[in-house]
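Asker: Have a look at the structure that comes next, please.
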Amino acid sequence: MSETAKIETLSGSDSFSAYVARPEGQARAAIVVIQEIFGVNAGIRRKCDRLAEDGYLAVAPDLFWRLEPGVELDPDVEPEFQRALDLMGKFDQDTGIGDIEATIHWIRRSEGVEKVGAVGYCLGGRLAYMTAARTDVDASVGYYAVGIDDLLREKHAIARPLMLHVPTEDGFVDAQTQAAMHEGLDDHPRVTLHDYPGLDHGFATEFGKRRDEDGAQLADSRTAEFFARHLA
């Protein structure tokens, strides 16, 4: 069962929409699904639906709402891909983390679900890392997170489990950045990195030509086990 919810900002002065997928019966926990640069599109909604099928309350906040509410773009359509890059350039990530925190609060207070995880993709993978460092989320997962090397200064604030899926041929995260991620995080007691040799950015997307079926299934199985363990 899915619906659109309205969530108040941390200040309470405004609100934004979120796609909500509900499980049958009581939720085992909740997971905030953090969008790519393409908005809360069909692929992100399908991620939520799959999590609901596994018993989670899944919530995908519209993080681009201050720029343009309701963005839904297709990464396989070049003009839409370019528009997504433009939106990413204008997006205030610190404010976005505030909206993710507001979503976590809404889940706990309005939905009565105490254990909350987060999973993000691309830009959302970066935001999942930031969520782990800046909020009290219970566990986080980032797929093909961008720009983590310039967030390593925040790693000491990560107090809850974080998993990062790293495709080695990521066109947006070069080998030097990947090496910095490993050097900075491999010895962190709360962080686990998984490399995916030969795979590119977007390999776990639900739809479109970027998906690699074997890689997606492996990463998603690791994510499922991670959340089952840390959100129990």
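Asker: With a probe of 1.4 Å, find how much accessible area segment 121-203 has per residue, and write the answer as a whole number in Å².
Answerer: Roughly 39 Å² per residue, with all protein chains present.
Asker: Further question on the same structure: Which entries in the list K90/K155; K6/K209; K47/K90 go over 29 Å, if you measure between the two C-alpha atoms of each?
Answerer: Table pairs above 29 Å Cα-Cα are K6/K209.
Asker: Quote the relative contact order of segment 1-107 in percent (integer), defining contacts as alpha-carbon pairs under 8 Å separated by 6+ residues.
Answerer: 29 percent
Asker: Quick check on the chain: helices-only [θ] at 222 nm, where DSSP H runs of length 4 and up contribute -39,500 (n - 2.57) each and the sum goes over total residues. Nearest 500, please.
Answerer: My calculation for the chain gives -11500 deg cm²/dmol from helical runs alone.
Asker: Determine the per residue accessible area of segment 1-47 with all protein chains present and a 1.4 angstrom probe, expressed in square angstrom.
Answerer: It amounts to 45 Å² per residue over segment 1-47.
Asker: Before anything else, pin down the relative contact order of the chain: Cα pairs under 8 Å, at least 6 apart, normalised by residue count, whole percent.
Answerer: Relative CO of the chain lands at 16 percent.
Asker: Where the accessible area of the chain is counted over protein heavy atoms with a 1.4 Å probe, how much of it, in %, is carbon and sulfur?
Answerer: 46 percent
Asker: Tell me the relative contact order for segment 52-140 as a rounded percent, counting alpha carbon contacts under 8 Å between residues six or more apart.
Answerer: 20 percent
Asker: Under the rule of at least 5 residues apart or a separate chain, name every residue whose amide H is placed under 5 Å from the amide H of I31.
Answerer: Answer set, sorted by chain and number: L57, A58, V59, G117.
Asker: If you don't mind, there's one more thing I want to ask. Give me, ordered by chain and number, the residues 5 or more places off Y196 or on other chains with an amide H under 5 Å from its own placed amide H.
Answerer: Excluding prolines and chain starts, which carry no amide H, the hits are V166, T168.
Asker: Calculate the length of the line joining the C-alpha centroid of segment 40-117 to that of segment 163-180, in whole Å.
Answerer: Distance between centres, Cα-based: 23 Å.
Asker: Hey, can you grab everything whose amide H is under 5 Å from the amide H of S140? Only 5+ residues off in sequence or another chain; H modelled, so Pro and N-termini drop out.
Answerer: Amide H neighbours of S140, under 5 Å, 5+ apart: A118, L162, M163.
The values are calculated or read from the model by the stated rules, or taken from the named source; none is laboratory data. Computed from a predicted model, the values in this text were never measured in an experiment. Only protein heavy atoms, including side chains, enter the accessible area calculation; ligands, DNA and RNA are left aside. Shrake-Rupley method; radii C 1.70, N 1.55, O 1.52, S 1.80 Å.
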